[in-house]
Amino acid sequence: MTFGFPVEETKEGAANVIVPRLEAFRRNVWDYTPSRAPVFYNPLTRLSRDIAVVALQAYQRMVKRVLVVSEPLAGCGVRGIRFAKEVQGVRKVHLNDINPEAFNLMKHNVQLNDLKGVVCLANKDANLFLSLHAAPNRRFDYIDLDPSGTPVYYLDSAVRALRDGGFLALTATDLAPLCGVYPKAALRKYGGLPLRTEYCHELAIRLLIGRVVSIAAMHEIGISVLFSHSSSHYIRAYHLATYGAKKADESLRKMGYTLHCFACLYRETAPGILSAFNESCSECGSPLKSAGPLWLGNIAESGFCEQMEKETMSKGFAPRPEAVRTLSLIKAESDAPATYYVLDRLCDKLNVPIPPLTKVMERLRERGFKALGTHFHSRGIRTDAPAKTVTEVVIEAVG
């Protein structure tokens, strides 16, 4: 089959797919070529797809039923084809894209992987496609929304197309608003204000989850978070949806605010969407800035992380080392306190040399506090120690 643009064949996981030959669309060294291609495909987000395959398999083991899954913004179809070929217990995969060229490329890739009868294709607007599956007998077990930019435009349709006990995966690539560069844009899209802090990527995930919680609550659906991660230019979150007004109320009770002092780096959380919180830092008296309302609950569930790790070892799927390392870090920090300290940023503020990360964590543990790394930042430390104690320990570690 011929296409109206340069293509090439690539192998990812168990899938062989035809994708746009991205180099043909590069005009300058700094170009983001996936956005220039007629059909979207980004080889740099393979980590996202690797983890998605493992997460879907872990979910299938958890619910112990055959799954009907959906990707409303499928592009060339590589993610959905991998679900069909690599995840045991998947009965049907519905792939959709409004782009006619993407539809033709998906069709070819489905034939190339001998998945006719397993993968169903559609060429519709994503919200229309999801709305056509909102009836109780047509809903999906799993929906994966992987847009270029924000997923919020599709959230209401996605929530309505998800069955009771369904699994919703979301990608957001609009990190400038979510990380505080454009706070008004974040407020419009996510219903909460961000902060430009060293842990802004964690706040970004919490803002994204918070938006899902608020939209699901309108439909009397509760949300719990099984897994999330931040990688390079995007964030991902995996949500379990449970029907019922009480479940929705339980989710809303896990919303609130993160308060941050830019003078001494003190931080705290204030639960409640209508929460009244301190305006001054309890440690130095400086004004506190707030982020939210956002999700204050766990952003990964340790038991689910363990199941994901088991899947990487037990099935034919062989993830790359980056995926295994990411899973290990997230599992370790799944029950850790919210927010983290970046050692380089802290030392720069204190105007002291940067001590070894392991030394700082050891000293925090000697004082009886938790201290561990985070997948968000290679120099990040999660701890339940107060900011004043963290500062003291860093200065001691330098001396």
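The values are calculated or read from the model by the stated rules, or taken from the named source; none is laboratory data. What you are looking at is a predicted structure, and each value in this text was computed from that prediction instead of being measured. Neighbour counts are summed over all protein chains in view; Cβ atoms, including those assigned to glycine, are modelled from backbone coordinates with ideal geometry. Heads up: the accessible areas ignore ligands, DNA and RNA and are worked out on the full protein's heavy atoms, side chains in. Shrake-Rupley method; radii C 1.70, N 1.55, O 1.52, S 1.80 Å.
If you go through region 85-122 and pick out every residue that is under 21 Å from Val66 (Cβ atoms) and of a type outside the set (Val, Ile, Thr), you end up with 17. Residues of region 253-273 that are β-branched (Val, Ile, Thr) and open to solvent by 10 Å² or more (accessible area, probe 1.4 Å): Thr269, Ile273. One residue alone among Arg188, Arg236, Arg160 is open to solvent by 10 Å² or more (accessible area, probe 1.4 Å), basic (Lys, Arg) and touching a residue at least 40 places away in the same chain (Cβ under 8 Å), and that residue is Arg160. Evaluating Ser228 against the criteria (1) over 25 Å from Cys261 (Cα atoms); (2) open to solvent by 20 Å² or more (accessible area, probe 1.4 Å) leaves one unmet condition, (2). When restricted to residues that are open to solvent by 20 Å² or more (accessible area, probe 1.4 Å), under 20 Å from Asn42 (Cβ atoms) and of a type in the set (A, V, I, L, M), region 85-111 contains 1.
Comparison of Ala338, Ala385 shows that the only residue that is in contact (Cβ under 8 Å) with a residue 60 or more places away in the chain, of a type outside the set (Lys, Arg), closer than 23 Å to Cys261 by Cα and not in a helix (DSSP H, G or I) is Ala338.
Tell me, which residue of region 1-47 that is open to solvent by 30 Å² or more (accessible area, probe 1.4 Å) and among the aromatic types (Phe, Trp, Tyr) is nearest to Asn96 (Cα to Cα)? The selected residue is Phe40.
Scanning region 337-346 for residues that are on the phi < 0 side of the Ramachandran plot and either more than 20 Å from the chain's Cα centre (by Cα) or open to solvent by less than 20 Å² (accessible area, probe 1.4 Å) (or both) yields Tyr340, Tyr341, Val342, Leu343, Asp344, Arg345, Leu346. Would you be able to say whether some residue in region 347-364 is crowded, with 21+ Cβ neighbours inside 10 Å and either in contact with a strand residue (DSSP E or B) (Cβ under 6 Å, 6 or more places away or on another chain) or among the small types (Gly, Ala, Ser) (or both)? Yes, because at least one residue in region 347-364 is crowded, with 21+ Cβ neighbours inside 10 Å and either in contact with a strand residue (DSSP E or B) (Cβ under 6 Å, 6 or more places away or on another chain) or among the small types (Gly, Ala, Ser) (or both). Residue-level check: of (1) open to solvent by less than 70 Å² (accessible area, probe 1.4 Å); (2) part of a helix (DSSP H, G or I); (3) of a type outside the set (Ser, Thr, Tyr); (4) closer than 20 Å to Thr269 by Cβ, Ala332 misses just (4). Is it true that Phe277 is modelled with pLDDT under 90 and surrounded by 14 or more Cβ atoms within 10 Å (Cβ to Cβ)? When the stated conditions are applied, Phe277 passes them. In region 48-74, of all residues being in contact (Cβ under 8 Å) with a residue 40 or more places away in the chain and open to solvent by 10 Å² or more (accessible area, probe 1.4 Å), the one that is nearest to Glu9 (Cα to Cα) corresponds to Leu73.
Residues that are crowded, with 20+ Cβ neighbours inside 10 Å and farther than 15 Å from Leu240 by Cβ within region 209-222 comprise Gly210, Arg211, Ser214, listed in sequence order.
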